[in-house]
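The values are calculated or read from the model by the stated rules, or taken from the named source; none is laboratory data. Bear in mind that the values here come from a model prediction, so they are computed numbers and not experimental data. Methodologically, a virtual Cβ is constructed for each residue, glycine included, from the backbone with ideal geometry; neighbour enumeration extends over all protein chains shown.
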Amino acid sequence: MEDNDLRQFVDEIQKLFPLIMRYLEDEASRELIGLEVTPSQMNALFALYGVDDLPMGELADQMGLTESAATRLVDRLINMNLVRRGRDDQDRRVVRVRLSTYGRQLAELVFERRQQQVARFAERLEQPARDSLIYGLSHLLKVFQALEQEAKSQKK
């Protein structure tokens, strides 16, 4: 990519991302109206949704938190009756976290709200734009994951 092309790309991303992030954050807040959970609590429920249980360390990694921060978050979710914590049957040192029945119901409700919201905006995009968006976001995610791996490798 030429310097001018790269500069133009960076300028466009600098304009678009804050606007998109604001919109997504507003939508996430609307999804949670009346549910008495924070966005980070909901993210934890989504991380646990669809899995039987998750080691605390894995939950922390998925959420980009330290284990102590993840433990504090899980403590709050336990107090809200949204998750359960227990020891691993194979290794008693490992703490595992799973959704409670109520937590699963709440995650399903928000997941359905999110599905409806994504469907609303997808209906306004033509198929080529949808395909391009998925293509671009998938590649962007791969770049982020590669950069994250490089950063982890350099810390070792």
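So the check is Cβ under 6 Å with 6+ separation or different chains; which pairs have a first residue in the range 46-71 that's in the same structural domain as Arg104 (by TED's automatic domain parsing) and a second one that's among the basic types (Lys, Arg) and modelled with pLDDT of 90 or more?
Asp53/Arg96; Asp53/Arg98; Pro55/Arg96
What residue, among those in the range 14-48 that are in a loop (DSSP other than H, G, I, E, B) and crowded, with 16+ Cβ neighbours inside 10 Å, is modelled with the lowest pLDDT? Even if it seems obvious, please write down each step before you answer.
Pass one, the range 14-48, residues in a loop (DSSP other than H, G, I, E, B): 32-38.
Checking the rest, the ones that are also crowded, with 16+ Cβ neighbours inside 10 Å come to 32, 37.
Details: Leu32: 84, Val37: 91.
For the range 14-48, the residue satisfying everything is Leu32.
Conditions first: (1) over 27 Å from Gln145 (Cβ atoms); (2) touching a Lys or Arg at 6+ places or on another chain (Cβ under 9 Å); (3) not hydrophobic (A, V, I, L, M, F, W, C). Arg96 passes all but one, so which condition is the exception?
So the condition that Arg96 fails would be (1).
For (1) β-branched (Val, Ile, Thr); (2) within 22 Å of Ala119 (Cα to Cα); (3) under 17 Å from the mean Cα position of the chain (by Cα), each residue gets a yes or a no:
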{"position": "Ser29", "(1), (2), (3)": "no, yes, yes"}
{"position": "Glu58", "(1), (2), (3)": "no, no, yes"}
{"position": "Arg72", "(1), (2), (3)": "no, no, no"}
{"position": "Arg76", "(1), (2), (3)": "no, no, no"}
{"position": "Leu82", "(1), (2), (3)": "no, no, no"}
{"position": "Arg87", "(1), (2), (3)": "no, no, no"}
{"position": "Arg93", "(1), (2), (3)": "no, no, no"}
{"position": "Leu99", "(1), (2), (3)": "no, no, yes"}
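Tally the residues that are farther than 19 Å from Val37 by Cα and exposed (fewer than 14 other Cβ atoms within 10 Å of the Cβ), restricting the search to the range 68-108. Even if it seems obvious, please write down each step before you answer.
Here is the first cut: in the range 68-108, the residues farther than 19 Å from Val37 by Cα are 68, 86-96.
Checking the rest, the ones that are also exposed (fewer than 14 other Cβ atoms within 10 Å of the Cβ) come to 68, 86-93.
Number of matching residues: 9.
All but one of (1) in a helix (DSSP H, G or I); (2) within 18 Å of the chain's Cα centre (by Cα) hold for Asp11, so report the exception by its number.
Checking Asp11 against (1) in a helix (DSSP H, G or I); (2) within 18 Å of the chain's Cα centre (by Cα), the one that fails is (2).
Assuming Gly64 fulfils every condition listed in (1) exposed (fewer than 15 other Cβ atoms within 10 Å of the Cβ); (2) within 17 Å of the chain's Cα centre (by Cα); (3) at pLDDT 90 or above apart from one, which condition is it?
(3)
Kindly indicate whether Arg114 is surrounded by 10 or more Cβ atoms within 10 Å (Cβ to Cβ) and either more than 23 Å from Asn43 (Cβ to Cβ) or in contact (Cβ under 8 Å) with a residue 12 or more places away in the chain (or both).
Details: surrounded by 10 or more Cβ atoms within 10 Å (Cβ to Cβ): yes; either more than 23 Å from Asn43 (Cβ to Cβ) or in contact (Cβ under 8 Å) with a residue 12 or more places away in the chain (or both): yes.
It is true that Arg114 is surrounded by 10 or more Cβ atoms within 10 Å (Cβ to Cβ) and either more than 23 Å from Asn43 (Cβ to Cβ) or in contact (Cβ under 8 Å) with a residue 12 or more places away in the chain (or both).
Among all residue pairs at least 6 apart or on different chains, which show Cβ distances below 9 Å where the first residue, located in the range 1-12, is under 17 Å from Leu140 (Cα atoms) and the second is at pLDDT 90 or above?
Close Cβ pairs satisfying both conditions: Met1/Phe9.
Of these, Leu16, Leu45, which one is in contact with a Gly (Cβ under 8 Å, 6 or more places away or on another chain) and not aromatic (Phe, Trp, Tyr)?
Values: Leu16 fails: in contact with a Gly (Cβ under 8 Å, 6 or more places away or on another chain).
The conditions single out Leu45.
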